[in-house]
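Written out below as structure tokens is the structure these notes cover.
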Amino acid sequence: MRKTARNRRKTRTALVMIIPALLFLVSLKGYPLLKVIHDSFFQVSLIKPGEGFAGLENFGVIMADERFGQTICNTICYTVFSVLGEYLAGMATAVLLNREFKGRSVFRTLIFIPWLVPIIVAGMTWDWMLNTEFGVVNYALQNLHITDAPIDFLGDSRYAMATVVLINIWRSFPYYTISFLSAMQAISGDLLEAAAIDGAGLVKRFIYITLPQLKSVSLVIVFLHIIWTAINFDFIWILTEGGPNYATQTLPIMIYRYSMKKFNVGAASALSTMMFAVMAVMFVIYYRQRMKISESLE
């Protein structure tokens, strides 16, 4: 009886202690989210007073935008190729850094630098490096006789998206490297040794032992990076501002232009709500896959 009463007091104390944190979380995340959903159904403008009910009109404005289809394709391409490149680069470097060689600890430290560099610093540095007049990349390409003239990597619609994707891969793949490397070091050495004794080569050991052990961590970091990449605004804005000719405009940049350039907060909120709905569906898919993996490990 006393134990039950004591447990109840502990529970009440714990609830009282976390209430401030819950209130802060709700005010920081909950209210803005509800405000965005609310504004998506109203005529909200930064320059016109009043908020009249708009129904689905804001969603119609977004759907009727001539750049909407292109922006969706840009977002999908940027997200898919970035995450795929990050995964492959992260896996390759993790496999290399998991092997014994002289100076391994130094390389493990250095490879994490791109992830630690602030986005604005990384973006501006690459912008300078790719400059057609004084950029070191074009200087090297011309001196090595690979190109005859400077290439406008960020100003030419033929190269802009691929350039942005490659720069994003460079910045983000170390996160995959560290995650995979940590998971690889948790794999039993006896298991790998037994497979080697049975005649399994490096490739077979990687496919049949290492990869299955990385399934859980792969699901988590891929899902997180799909969301982070799809909603990323600052990196592309620093490099291209969505140009040239909307070649690198993604949905977050379109939201920014509707709200801060056209001052149409209602339409911007409608597009944000649409993105939130897609992310919610993806979370459900992720949760189901996560449960399947957890059940298979039990």
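The values are calculated or read from the model by the stated rules, or taken from the named source; none is laboratory data. Keep in mind it's a predicted model, so treat the numbers as computed, not measured. Cβ placement follows ideal geometry from the backbone for every residue including glycine, while neighbour counts extend to all protein chains displayed.
Among (1) in contact with a Leu (Cβ under 8 Å, 6 or more places away or on another chain); (2) among the charged types (D, E, K, R); (3) under 19 Å from LEU239 (Cα atoms), which single condition is ARG108 missing?
In the conditions (1) in contact with a Leu (Cβ under 8 Å, 6 or more places away or on another chain); (2) among the charged types (D, E, K, R); (3) under 19 Å from LEU239 (Cα atoms), ARG108 misses (3) alone.
Working only within the range 41-74, note down all residues that are surrounded by 18 or more Cβ atoms within 10 Å (Cβ to Cβ) and within 20 Å of ALA230 (Cα to Cα).
If the condition is that a residue be surrounded by 18 or more Cβ atoms within 10 Å (Cβ to Cβ) and within 20 Å of ALA230 (Cα to Cα), then PHE59, ILE62, THR71, ASN74 are the ones that fit.
I'd like the residue in the range 120-145 that is touching a helix residue (DSSP H, G or I) at 6+ places or on another chain (Cβ under 9 Å) and surrounded by fewer than 16 Cβ atoms within 10 Å (Cβ to Cβ) and, out of all such residues, is nearest to GLN213 (Cα to Cα).
The residue in question is ILE120.
Of all residues in the range 193-220, which are among the small types (Gly, Ala, Ser) and exposed (fewer than 11 other Cβ atoms within 10 Å of the Cβ)?
The answer is GLY199, GLY201.
Looking only at the range 235-252, count how many residues are of a type in the set (A, V, I, L, M) and free of Cβ contacts under 8 Å to residues at least 60 places away in the same chain.
The number of residues fulfilling the criteria is 0.
Answer yes or no as to whether LYS262 is of a type outside the set (Asp, Glu), surrounded by 14 or more Cβ atoms within 10 Å (Cβ to Cβ) and without any contact (Cβ under 8 Å) to a residue 12 or more places away in the chain.
yes
How about the range 224-277: which of its residues are in contact with a Leu (Cβ under 7 Å, 6 or more places away or on another chain) and either closer than 20 Å to VAL121 by Cβ or among the hydroxyl-bearing types (Ser, Thr, Tyr) (or both)?
Within the range 224-277, LEU239, THR240, TYR258 meet the criteria.
Can you name the residue in the range 102-117 that is more than 18 Å from the chain's Cα centre (by Cα) and part of a helix (DSSP H, G or I) and is also nearest to LEU202 (Cα to Cα) among such residues?
Ranking the qualifying residues of the range 102-117, first place goes to ARG104.
Yes or no, residue by residue, for (1) over 24 Å from THR93 (Cα atoms); (2) under 24 Å from the mean Cα position of the chain (by Cα):
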{"position": "LEU154", "(1), (2)": "yes, yes"}
{"position": "TYR159", "(1), (2)": "yes, yes"}
{"position": "TYR175", "(1), (2)": "no, yes"}
{"position": "ALA183", "(1), (2)": "no, yes"}
{"position": "ILE197", "(1), (2)": "yes, no"}
{"position": "PHE235", "(1), (2)": "no, yes"}
{"position": "GLU241", "(1), (2)": "yes, yes"}
{"position": "THR248", "(1), (2)": "yes, yes"}
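Can you name every residue in the range 155-209 that is over 27 Å from TRP237 (Cβ atoms) and touching a Leu at 6+ places or on another chain (Cβ under 8 Å)?
PHE180, LEU181, ALA183, MET184, ARG205, ILE209
Among residues belonging to the range 284-298 that are exposed (fewer than 13 other Cβ atoms within 10 Å of the Cβ) and either in contact with a helix residue (DSSP H, G or I) (Cβ under 9 Å, 6 or more places away or on another chain) or under 30 Å from GLU51 (Cα atoms) (or both), point out the one that is modelled with the highest pLDDT.
Within the range 284-298, the match that is modelled with the highest pLDDT is ILE285.
Take residues that are at pLDDT 90 or above and out of contact with any helix residue (DSSP H, G or I) (no Cβ under 6 Å at 6 or more places or on another chain) and tell me which of the helices (runs of 4 or more DSSP H) falling wholly in the range 1-101 contain 3 or more.
Helices (runs of 4 or more DSSP H) meeting the threshold: 57-64, 68-97.
Contact list please: Cβ distance under 6 Å, first residue in the range 267-287 and more than 23 Å from TYR256 (Cα to Cα), second residue assigned to a helix (DSSP H, G or I), pairs at least six apart or on different chains.
Pairs found: TYR286/PHE223.
Would you confirm, using the coordinates I've provided, whether LEU96 is loosely packed, with under 14 Cβ neighbours inside 10 Å and under 22 Å from TRP170 (Cβ atoms)?
So LEU96 fails the test.
I need the full set of residues from the range 133-143 which are modelled with pLDDT under 90 and over 24 Å from TYR246 (Cα atoms), in order please.
Listed by number, the list holds a single entry, PHE134.
Checking the condition part of a helix (DSSP H, G or I) and surrounded by 16 or more Cβ atoms within 10 Å (Cβ to Cβ), which residue from TYR246, TYR256 passes?
TYR256
All but one of (1) over 27 Å from ASN245 (Cβ atoms); (2) at pLDDT 90 or above; (3) among the charged types (D, E, K, R) hold for ASP127; which doesn't?
Unmet for ASP127, out of (1) over 27 Å from ASN245 (Cβ atoms); (2) at pLDDT 90 or above; (3) among the charged types (D, E, K, R): (1).
Could you tell me whether ARG158 is exposed (fewer than 14 other Cβ atoms within 10 Å of the Cβ) and at pLDDT 90 or above?
yes
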